[in-house]
Amino acid sequence: MRKILRERSRNLNREVWESPSVYGGEDVNNKSLEVGINHIETARGYGTSEMQLGKILPQLPRDKIIVQTKVSPSQDVREFRRKFEQSRQFLRLDYVDLLGIHGINTEEILDDTMAEGGCWQEAKKLQQQGKVRFIGFSTHAPTDVIVKIIATNCYDYLNLHWYYIFQNNWPAIEAAKQHDMGVFIISPSDKGGHLYNPPPKLVALCFPLSPMVFNNLFCLSHPTVHTLSIGAARARDFDEHLKTLPLLDRAEEILPPIIERLQGEMINCLGDNWVKTWSVGLPSWENTPNHINIRSILWLRNLAIAYDMIDFAKARYNLLGNGGHWFPGQQAKEVEKLDLTACLAASPHADQIPYLLAETHRLLSGETVQRLSSS
């Protein structure tokens, strides 16, 4: 079954999985089918998206589309089933092709999901009843937790974050390959750097490609990555993404000079030693005073300074403290009052980091950002 899903994913021109449910309407869905994109992805937590799709899906040829929805796990499996049935009714479908357990972001959620009588077993019952074809999971978890989920050998596919500016989860993608799972990249054009509105410096560094096309090609140049989410708001939003397709066979020729420029500019702006060692020995946010997410903050600082990705960095930074287990930890507010000596003992930049955190807070702090999903 996993091989069927993986191969079917590749057959979607290997370019994109669409997410019109969050952003688009009937014109988006019609355009997607016209250009050969037939995967529609949504979630119970995405507001009214399933209801909007339910007005469109019955008009589409069922055997020509792949529909994925996602339902957050609950300690009460009856609630999990109720939400799934609500999703199916909103979508007006007899079955969904893919059901993702939405947001297995911590070991505790994993344990609850996989426990006897838990949500994974309930999802299997739905599959046995013909209401679900394949079962997967979406995750914002640390890489080691994602690998543990994959190692259960219970899932057909996964949705995770991985793109040029965030490659930490590569070990999870390699683990997924070993388990013959489909790999879906979450929001590469938005969480991958607000690439629909890139800063001029990033545009210049990615030339002759746009940052969006570069990122698409970077992701899809790895055969273990099967699908990308577009998140189109308008039918014309497909146009830039579709420019990726003629380049797929030339990725080995096109990508290296762009990657060399991007890496070179990072080193030029931040220093070779910092670029190679900034993440060494950093504590998890749970083991930091005030739960400051040091790793994420320094990552955002790197992007803001090297590539002028200020707007993206501000949006992500101001989600800290309000992202729950989806984007955990806190900002570096009042970091000058904290003693980080113990938690930074293993870092080669221990003396420098507190000042960099304070600097980054001054650069990026602003309005609080809310998550898209309520689940």
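The values are calculated or read from the model by the stated rules, or taken from the named source; none is laboratory data. These numbers were taken from a predicted model, which means no experiment stands behind them. Here the Cβ positions follow ideal geometry from the backbone for every residue, glycine too, while neighbour counts run over all protein chains shown. Each accessible area value is taken on the protein alone, full model and side chains, heavy atoms only, with ligands, DNA and RNA left out. Shrake-Rupley method; radii C 1.70, N 1.55, O 1.52, S 1.80 Å.
Odds and ends about this structure:
- For the chain, the longest site-free run once GluC sites (Glu not before Pro) in DSSP loop states with at most 15 other Cβ atoms within 10 Å are removed: 117-333
- About the Cα centre, charge dipole magnitude for the chain (Lys/Arg +1, Asp/Glu -1 at Cβ), debye: 880 debye
- Both numbers refer to the Cα atoms of the range 135-273; Rg and Dmax are 15.7, 45 Å.
- For the chain: relative contact order, % (alpha-carbon pairs under 8 angstrom, 6 or more apart): 16 percent
- Considering only the chain, percent of DSSP beta bridges that pair antiparallel, nearest 5: 5 percent
- Surrounding net charge for residue 307, when Lys and Arg each add one and Asp and Glu each subtract one, Cβ distance under 10 Å: -1
- Positive-end ranking of 127, 151, 170 along the dipole of the range 116-171, with charges on Cβ about the Cα centre, is headed by 127.
- Listed pairs 55/191; 201/276; 314/337; 201/333; 148/191; 148/337 exceeding 26 Å between Cα atoms: 55/191; 201/333; 148/337
- Fraction of accessible area attributable to carbon and sulfur, the chain (%, probe 1.4 Å): 50 percent
- Once the chain from residue 287 to residue 351 is taken as fully extended at 0.36 nm per residue, the excess over their C-alpha distance is 21.3 nm.
- Toward the positive end of the charge dipole of the range 184-338, with +1 on the Cβ of Lys and Arg and -1 on the Cβ of Asp and Glu, the farthest Cα among 214, 257, 309 is that of 309.
- Other residues whose C-beta falls under 15 angstrom from the C-beta of residue 286 contribute a net charge of -2, scoring Lys and Arg +1 and Asp and Glu -1.
- Correct choice for Cα extents along the principal axes in Å that was computed from the model, options (i) 59, 48, 39; (ii) 80, 45, 42; (iii) 68, 52, 47: (i)
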